[in-house]
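Engineer: The following block contains the structure, expressed as structure tokens.
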Amino acid sequence: MKIEITACVIVKNEAKNIGAWLACMAQFADEIVVVDTGSTDETTDIVRSFAAHGKRARLYAFPWTGDFSAAKNFALGKAHGNWIAFLDADETFSDASIPRIRPLVKRLHPVVHVIGVMCRLVNVDPNDHNRFIGASAQLRLFRNVSSMRYIGRIHEALSVPKSRTIELTRDIEIIHTGYAASIVAAKLRRNLDLLLEKIAAQGGTPTPRDERYLMDCYYGLGEHDKAIAYADQALTHRASMEDAVPHLHVIRVSAFLYGKRPFDEVIASMDAAIADCPEIADFQMMKGLYLYEHGDYVASLADIERAEAVHAQYGTDAQSIVDNYERFAASSWWVRGSIAHLRGDEDAACAAWLEALRAERRHAPALQHLVAALTKGGAPAADIIVLLNGLYDSASDDAAFLAAALEMIGGPIYIYYATRAKRPETAATYLAAGRYDAAQATAADDLDWWYKCGIADAVAQGIAREDSPLRLLLSETYRTAWQDLAQGNPTSRLAKAIGRISFPRKDEA
């Protein structure tokens with residue numbers, strides 16, 4: 001039997017994402033189904049243009065009813081393939097995963113009891129250089145059979161027949177950009193409103209799954225006490241929530257941490273998670289990092305090493321698909337380097353800080369300490385620059401990051417990256433170059449500018465009167481500037497320098 005894959009998506013105002021989604025699906029799908037629920041941007045135009053270029057994409061309209069499952073099931077009804085890839089518009093398969101999809105489906109197709117594939121979904125923040133946020137397991141690839149339909153108005157899920165099984169795989173990875181810090185709050189508020197409407201419609205009693213999603217919403221919105229309460233309630237329903245237990249503990253521990261609960265309570269939440277999920281390295285790692293922050297370096301290092309042992313044992317297993325070790329890798333190397341530095345082992349410290357940067361290139365403390373330690377150890381600036389250029393692209397915005405991070409250190413390495421970043425010459429730049437006269441003059445100009453900014457702002461807010469006794473503390477130059485501004489005289493050098501400030505005329509005062 002011929003195997004055909006239909007890629008499905010529901011969209012509303014996804015012009016920013018739909019192009020990348022279509023390009024991804026076209027690489028493996030035999031058919032593409034896009035269901036629009038009321039876009040007012042260019043989403044539908046992009047899909048039509050894509051289809052006009054000979055791609056097997058079809059666009060359908062479905063009036064939005066506030067029910068995600070209804071829209072998704074409508075899409076499934078339009079699919080002709082015997083396998084479905086159903087990703088959201090802000091999700092795409094990783095480049096490495098795309099060539100693995102068809103071979104996986106071909107292998108599983110004759111195994112009739114396997115009805116779908118649980119893939120690893122990785123959340124990244126595109127506004128922060130695709131920083132890793134976390135991972136979860138999601139059913140996104142499945143057979144096109146009538147028994148596989150979505151249920152639930154919000155946080156919809158596929159209803160899987162009890163006689164069928166789901167295969168777990170780490171080989172298929174999905175990249176999700178929808179948790180960018182700039183948009184996540186609005187999505188959480190929308191989800192919370194829909195969820196509360198759903199609970200009200202069912203008599204006011206949340207299901208265990210509702211409790212899990214209430215936990216997610218409240219945690220994301222910063223209401224940590226509510227998040228902990230719903231996590232505790234959901235954990236009482238272990239029989240029906242077994243697949244969500246690691247996630248429940250991740251959010252519960254995080255809520256204790258960011259809710260600034262007492263030390264003993266935070267440690268207790270971590271220990272409970274470790275006992276419940278011994279094969280997940282996250283919780284042992286979180287405990288190690290927390291202990292480091294509280295100055296218990298010996299216990300911290302022991303917990304970090306235990307976490308790494310757990311990750312080494314289980315981290316590549318299909319069962320560890322929700323392993324979030326990557327989220328902590330840079331921090332763990334930063335801690336190991338800092339502890340080695342305290343012990344006087346600079347070689348080990350530098351090696352650890354370098355690993356921290358390989359895990360997270362924008363880890364400024366690791367960068368600063370590595371450069372400072374190598375410089376102090378006598379490494380030539382040229383060699384350090386060669387090392388950093390192996391990690392960064394000095395022709396991109398990496399140069400701006402490097403210059404900003406290294407400004408306090410100064411020296412030729414800072415000058416190199418400041419020049420590459422085309423930074424304006426500052427007092428720090430002149431100091432780094434040994435031009436102390438220019439540094440002094442620039443710093444004096446900066447200080448003068450800030451003095452005058454402060455005076456102008458005070459006058460503009462009406463809190464600095466012409467007769468204020470504070471004027472007595474200023475030099476004659478600044479007293480004159482104060483008087484000019486208080487009288488609404490914009491002809492002074494100050495008024496010209498601070499052009500963005502609007503000064504009142506005398507007749508408006």
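The values are calculated or read from the model by the stated rules, or taken from the named source; none is laboratory data. As the structure is a prediction and not an experimental result, all values here were calculated from the model. Quick reminder, even Gly has a Cβ in these numbers, built from the backbone with ideal geometry, and neighbours come from all protein chains shown. For the accessible areas, the whole protein counts, side chains as well, though only heavy atoms, and no ligand, DNA or RNA atoms are used. Shrake-Rupley method; radii C 1.70, N 1.55, O 1.52, S 1.80 Å.
Engineer: Scan the helices (runs of 4 or more DSSP H) fully inside the range 387-459 and keep the ones with 3 or more residues being touching a helix residue (DSSP H, G or I) at 6+ places or on another chain (Cβ under 6 Å), open to solvent by 20 Å² or more (accessible area, probe 1.4 Å) and at pLDDT 75 or above.
Structural biologist: Details: elements: 398-406, 411-420, 427-432.
Those helices (runs of 4 or more DSSP H) span 411-420.
Engineer: If residue 147 passes every condition in (1) surrounded by fewer than 17 Cβ atoms within 10 Å (Cβ to Cβ); (2) within 22 Å of residue 80 (Cβ to Cβ); (3) out of contact with any Pro (no Cβ under 6 Å at 6 or more places or on another chain) but one, which one does it miss?
Structural biologist: (3)
Engineer: Scan the range 363-386 residue by residue and report those that are within 29 Å of the chain's Cα centre (by Cα) and either farther than 19 Å from residue 328 by Cβ or open to solvent by less than 60 Å² (accessible area, probe 1.4 Å) (or both). Quick ask: steps written out before the conclusion?
Structural biologist: Quick first cut of the range 363-386, residues within 29 Å of the chain's Cα centre (by Cα) only: 363-372, 385.
Selection gives 363, 364, 365, 366, 367, 368, 370, 371, 372, 385.
So that you can scan it fast, the table gives a plain yes or no per residue for (1) closer than 22 Å to residue 8 by Cα; (2) at pLDDT 90 or above:
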residue: 117; (1), (2): yes, yes
residue: 133; (1), (2): no, no
residue: 143; (1), (2): yes, yes
residue: 167; (1), (2): yes, yes
residue: 175; (1), (2): yes, yes
residue: 206; (1), (2): no, yes
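To keep it simple, each residue is scored yes or no on (1) within 22 Å of residue 171 (Cβ to Cβ); (2) assigned to a loop (DSSP other than H, G, I, E, B); (3) open to solvent by 40 Å² or more (accessible area, probe 1.4 Å).
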| site | (1), (2), (3) |
| --- | --- |
| 8 | yes, no, no |
| 13 | no, yes, yes |
| 16 | no, no, yes |
| 22 | no, no, no |
| 33 | no, no, no |
| 84 | yes, no, no |
| 102 | yes, no, yes |
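Engineer: Could you go through the range 60-78 and let me know if any residue there is part of a loop (DSSP other than H, G, I, E, B), farther than 27 Å from residue 192 by Cβ and open to solvent by 10 Å² or more (accessible area, probe 1.4 Å). First the steps, then the outcome.
Structural biologist: Narrowing the range 60-78 to residues part of a loop (DSSP other than H, G, I, E, B): 62-67, 78.
Still in the list and also farther than 27 Å from residue 192 by Cβ: 78.
Then drop every residue that is not open to solvent by 10 Å² or more (accessible area, probe 1.4 Å), which leaves 78.
Yes: the range 60-78 contains one or more residues that are part of a loop (DSSP other than H, G, I, E, B), farther than 27 Å from residue 192 by Cβ and open to solvent by 10 Å² or more (accessible area, probe 1.4 Å).
Quick grid of which residues meet (1) assigned to a strand (DSSP E or B); (2) within 14 Å of residue 6 (Cα to Cα); (3) aromatic (Phe, Trp, Tyr); (4) free of Cβ contacts under 8 Å to residues at least 40 places away in the same chain:
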| site | (1), (2), (3), (4) |
| --- | --- |
| 105 | no, yes, no, no |
| 119 | yes, no, no, no |
| 124 | yes, no, no, no |
| 147 | no, no, no, yes |
| 154 | no, no, no, no |
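Engineer: Check 171, 193 and return the single one that is farther than 23 Å from residue 70 by Cα and outside any loop (DSSP other than H, G, I, E, B). Spell out the reasoning first.
Structural biologist: Values: 193 fails: farther than 23 Å from residue 70 by Cα.
It is 171.
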